[in-house]
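For reference, the structure is listed below as structure tokens.
The values are calculated or read from the model by the stated rules, or taken from the named source; none is laboratory data. Everything quoted here is computed from the prediction, not taken from an experiment. A quick note on method: Cβ atoms are made from the backbone with ideal geometry, for glycine too, and the neighbour counts reach across all protein chains shown. Surface areas here come from the heavy atoms of the whole protein model, side chains and all, with no ligands, DNA or RNA. Shrake-Rupley method; radii C 1.70, N 1.55, O 1.52, S 1.80 Å.
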Amino acid sequence: MKILLTYSFSSLATYIHNLLAELITNSLLLQVTEMVILGVSLIAFLVVLCFFLGYMERKVAAFMEIRLGPNRVGPKGSMQIVADTLKLLLKEGLTPDSADKFLFNLAPVIMVIGSMMVIAPIAFAKDFQLYDINIGVLYVSAVSSLGVIGILMAGWSSNNKYSLLGAMRSGAQIVSYELSVGLSLISIVVLSGSLSLGDIVRSQENGWWIIKGHIPVIISFVIFIIASTAEINRAPFDMAEAEQELTGGFHTEYAGMKFAMFLLSEYINLFVVSAVAATLFLGGWMPFHIGGLDGFNHIMDFIPSSVWFFSKTFLIIFIIMQFRWTFPRLRVDQLLTLEWKYLLPISMVNVILVTVMAIMGWHF
Amino acid sequence: MNTEELKSSISNILPSAIYDETGEFLNVNIASEELYPLINELRSNSEFDFDYLFCLTCIDWKDHLMMVYHLLSKTHQHTIVLKAKISNRENSEIETVCNIWRTAELLEREVFDLFGVKFINHPDLRRLFLSDDWNGYPLRKDYVDENMISL
Amino acid sequence: MRGLIEDDYVTDEGEFVINIGPQHPSTHGVLHLKVWLDGETVKKVQPHLGFIHRSIEKMSESLSYRNFIFATSRMDYLAAHINNEACALTVEKGLQLEVPDRAKYIRTILAELTRLQSHLLWWGCTGLDLGAVTPFFYAFREREYIMEIMEETCGARLTQNFMVPGGVMYDIHPNFQKRTKEVLIQIKSKFQEYDNIMTGNVIFENRTKGVGFLSKEDAISYGVTGPTARASGVSCDIRKLIPYSAYDQVQFDEILGTGGDCYARYMIRMHEMKQSVSIIEQLIDNIPEGEFQAKTKNVIKLPKGEFYQRVETPRGELGVFIVSDGAASPYRIKYRSPGFSNLSALPLMAKGGKIGDLVAIMSTIDLVIPDIDR
């Protein structure tokens, strides 16, 4: 009961830790047990999250396309995605005869692992973080680009011309957009003076960076959203899939569970980039604070930190989903033009601007 | 140009042309060997300027094949129908017009496919609709399909 | 990778050969394009046809003059009315039959409704091909109203088979005029929405402007017709040049463009929809009373001779060429289908572009594959 009243995941974690400590005395065994619990609960959380995101995407699409969306299975169609997952699980996982079997089966696993690893340093709520690594931002940008290896592997090993084209496209695309994502992350690192995501959130105690850093941070926020949409291969930047051009791009040959793993990693990626954007620009779990107004800040503190985090994240997910159902797809050369001729120069200038601002103390 | 002017101008190029005005358009009947010089003149001479070939087809008249070219001039808005008679039914050949009107390339392949008319100098004369190992030419009147079941 | 050493994967010049279709999301049917690529750049395109060839021309040779009309509904299935009308007009030309005014008006209204629904479907599919899924649903919302009118009056939604030699098969449904007017108001209010969602979009403009250029000379030489040719500045609207049915009774503009690119073709069709609405508006209240069908003999026999009729379908000029030997069924029929000639210009337009451009070009020349293969 006490746990529920404090609205805090940290007390829950402490409660479980104490409970386990009473049962298991060996400290190494305790640590291993906690890690296993953590891993299992993380995977369970991510699968449930992906169910929800899949349902949300369908409903958002339906909302934008003047139709109803899933509404038959379960209340308001919420079980539709479970039914679809069951169907995918039961389907035969075909491997083409001429494919490179080892790499073909390895690719979806790498994709999922790559996207799950990025979750580690993200703070879901106050004092609730898997691993507050002191180079969090660097870790996020390094690990999130592991996915491209999975895509290249899938495209190459399928031995399909469409897959190969899709893989080559995504290789060019993700490597390019990685730069803009990195540069827009740097602007926050410059302002907060730390690479640790925990420290970055705490530095926004008297206001989120998007408000404190005004124009330059808004620019880097917009660039981050655009570039990370491209990095996670979502429309209008879904060059690697490009259904109307390459039928399915890198995952043309995949079916059943292996295909479901690509979907899983796509949704985890979507969640991760939104969570990173929420953490860096919108204060993560930090409630909406205005420096100096203590009364107001106190009222805001009554809303639990996890609610703050998830509402910010889902706001950004909603925006990225709207992109997908609004815009036509770019052409592959226009995609690279956008990055190298527009986003990259703008973010470079913007980093200088932010640096000057940080040195001169022009932010709030 | 009106019909009379067209007739006299074509007669200047090809005296052996036979005219038929019973239909909607002026029909010019020629032999297949005379086709290319005349049709080249019809396209390049600015008096005629037939720049638009709107229909190209073939008719199987049982004893001979007949190529039909519907020509229209976008500048002068006059129309003629050119009919080239191919007497040799077994080994039918005619000069291609696809270097004059590019649309003829696919249309001639269609005629080759369904009537078996060989077009001399055609850049890519292959079957268009049917498979490469198809026997016979289906739109000829004497075509018999062994697999056909009559109801 | 084992495939790399196989034949046909890469040519000696290092070009990558891919087969787009016959099963592909953006070929809108069973079109097969063999594409030679240098990286992403299209070097050469070769169409392979015949996957849905039903030999309608051969079939028609053994059908009566009443029956062969209905086979043509299956050619360009998005413009079944206009195909049927073309055939009916050719037979009437052979019989020298005068069609009652009422039938002419009904034919024209139905033909324009057909054009409107075909263009709406095209608009949705263009969005889909360029990667925007949403427009498809917007287009289908309005198209559905038109299909309901068709269903009410003709008894079918897609292959209406409503035209017969001498007029139309039945009189119009009592609700026809009222519902058509309601639908026109509905559609007119949505044009702005279409422009908002697609036309002004930066990505859309980048994808279509300057893509797939077709010059006026090439358009004529390749026999390209319809909106595709009019975007290149070729005046080829048969409704204006040789008015048939009731087109001489109405005021409308032939929309001509100069761009010759995908964007120009897009804009031509968008404007044509507005013209179609205006044509229907002029006719819908003035349908004359009287017979809807002229008297014809039970067995129609055309006199010996050749008859050619040109009509304007949503995709271009459809020509019906009937050779008659005086019997009860045609001696030879040739359909000059618009899609066939428009497709022949595709290799020219696509050369040098990217794969994405090829898809954009295919969707803006509005290919209907059964119309090409017949």
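Some values worked out for this structure:
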{"item": "Förster-model FRET efficiency, 60 Å R0, A:R67 and B:D132, C-beta, rounded to 0.05", "result": "0.85"}
{"item": "Chain A - mean residue ellipticity at 222 nm from DSSP helices (-39,500 (n - 2.57) per run, n ≥ 4, rounded to 500)", "result": "-22000 deg cm²/dmol"}
{"item": "In sequence order, calculated HN-Hα J values of segment B:50-61 (Karplus, 6.51, -1.76, 1.60; Hz; x Gly/Pro)", "result": "7, 9, 10, 9, 8, 7, 9, 8, 9, 10, 9, 9"}
{"item": "In the A-C interface, the accessible area buried, summed over both sides, Å² (probe 1.4 Å)", "result": "3000 Å²"}
{"item": "Buried area at the C-B interface (accessible, heavy atoms, 1.4 Å probe, summed, Å²)", "result": "3100 Å²"}
{"item": "Shielding by partners - mean other protein chain Cβ count within 10 Å, residues of C:215-226", "result": "4"}
{"item": "Segment C:E152-C:K216, length gained on full extension (0.36 nm per residue, minus Cα span)", "result": "18.9 nm"}
{"item": "Within chain B, helix-based [θ] at 222 nm, where runs of 4 or more DSSP H residues each add -39,500 (n - 2.57), nearest 500", "result": "-6500 deg cm²/dmol"}
{"item": "Protein-protein interface of segment A:289-335, residues with accessible area decrease of at least 40 Å², isolated chain reference, 1.4 Å probe", "result": "A:W325, A:F327, A:P328, A:R329, A:R331, A:Q334"}
{"item": "Carbon/sulfur fraction of accessible area - segment B:3-92, other protein chains in place, 1.4 Å, %", "result": "47 percent"}
{"item": "Accessible-area order (highest first, 1.4 angstrom probe) of the listed residues B:R89, C:R74", "result": "C:R74, B:R89"}
{"item": "Student exercise, the protein assembly as shown dipole from Lys, Arg, Asp, Glu Cβ charges, in Debye to nearest 20", "result": "1700 debye"}
{"item": "Accessible surface of A:R202 - all protein chains present, 1.4 Å probe, nearest 10 Å²", "result": "110 Å²"}
{"item": "Accessible surface, the protein assembly as shown, averaged per residue in Å² (probe 1.4 Å)", "result": "40 Å²"}
{"item": "Minimum 30 Å² accessible area buried by the other protein chains, segment B:115-134 residues, probe 1.4 Å, relative to alone", "result": "B:R126, B:L128, B:F129"}
{"item": "Sequence of C:K274, C:K295, A:K161 when ordered by accessible area, the most exposed leading, probe 1.4 angstrom", "result": "C:K295, C:K274, A:K161"}
{"item": "DSSP-defined antiparallel bridges as percent of all bridges, segment B:3-92, nearest 5", "result": "75 percent"}
{"item": "Nearby lysines by direct alpha-carbon distance to C:K44 (threshold 26 angstrom, same-chain neighbours under 8 apart not counted)", "result": "A:K161, B:K118, C:K34, C:K209, C:K216, C:K351, C:K354"}
{"item": "Distance-filtered residues of segment A:325-364 - backbone nitrogen under 18 Å, label point 7 angstrom along A:M300 Cα→Cβ", "result": "A:363-364"}
{"item": "Gain upon complete extension [A:I135, A:A21; 0.36 nm per residue less C-alpha separation]", "result": "38.1 nm"}
{"item": "Kirkwood Rh in Å, taken over segment B:3-92 so that all alpha-carbon pairs contribute", "result": "13.4 Å"}
{"item": "Sum of -39500 (n - 2.57) over DSSP H runs of 4+, divided by residues of chain C (222 nm, nearest 500)", "result": "-13000 deg cm²/dmol"}
{"item": "Net charge dipole size for chain C [Lys, Arg +1 and Asp, Glu -1 on Cβ; Debye, nearest 20]", "result": "660 debye"}
{"item": "Estimated FRET transfer efficiency when R0 is 22 angstrom, pair A:W340-C:V202 (beta carbons, to 0.05)", "result": "0.80"}
{"item": "Residue-span extension gain [C:A327 to C:L241] - 0.36 nm each, minus C-alpha spacing", "result": "27.8 nm"}
{"item": "At least 50 Å² accessible surface lost relative to isolated chain, residues of segment A:222-249 (1.4 Å probe)", "result": "A:Q244, A:E245"}
{"item": "Rough spin-label spacing in nm, given labels placed 7 Å along Cα→Cβ, for C:R54 and A:S78", "result": "4.8 nm"}
{"item": "Percent of beta bridges antiparallel (DSSP, the protein assembly as shown, rounded to nearest 5)", "result": "85 percent"}
{"item": "Accessible-area composition of chain C, carbon plus sulfur, in percent [1.4 Å probe]", "result": "50 percent"}
{"item": "Evaluated at q = 0.14, 0.19 Å⁻¹: base-10 log I(q)/I(0), Debye formula over Cα of segment A:17-86", "result": "-0.59, -0.75"}
{"item": "Hz values of 3J(HN,Hα) by residue in segment C:324-339 - Karplus curve (6.51, -1.76, 1.60), Gly and Pro given as x", "result": "10, 10, x, 8, 7, 10, x, 6, 8, 10, 10, 9, 8, 8, x, x"}
{"item": "Number of partner chain Cβ atoms within 10 Å, mean per residue of C:302-311", "result": "3"}
{"item": "C-alpha center-to-center spacing [segment B:2-39, segment C:195-223] in angstrom", "result": "40 Å"}
{"item": "In Å², nearest 10: area of A:L179 left accessible to a 1.4 Å probe", "result": "70 Å²"}
{"item": "Protein accessible area in segment A:91-360, 1.4 Å probe - carbon and sulfur %", "result": "72 percent"}
{"item": "FRET efficiency, A:V222 to A:V307 (Cβ-Cβ, R0 25 Å, nearest 0.05)", "result": "0.50"}
{"item": "Antiparallel bridges, percent of DSSP beta bridges restricted to chain B (to nearest 5)", "result": "70 percent"}
{"item": "Rounded if a/c under 1.5, otherwise prolate or oblate - segment C:56-373, Cα gyration tensor axes", "result": "oblate"}
{"item": "Dipole-positive endmost among B:I86, C:A79, B:T96 within the protein assembly as shown (Cβ charges, Cα centre)", "result": "C:A79"}
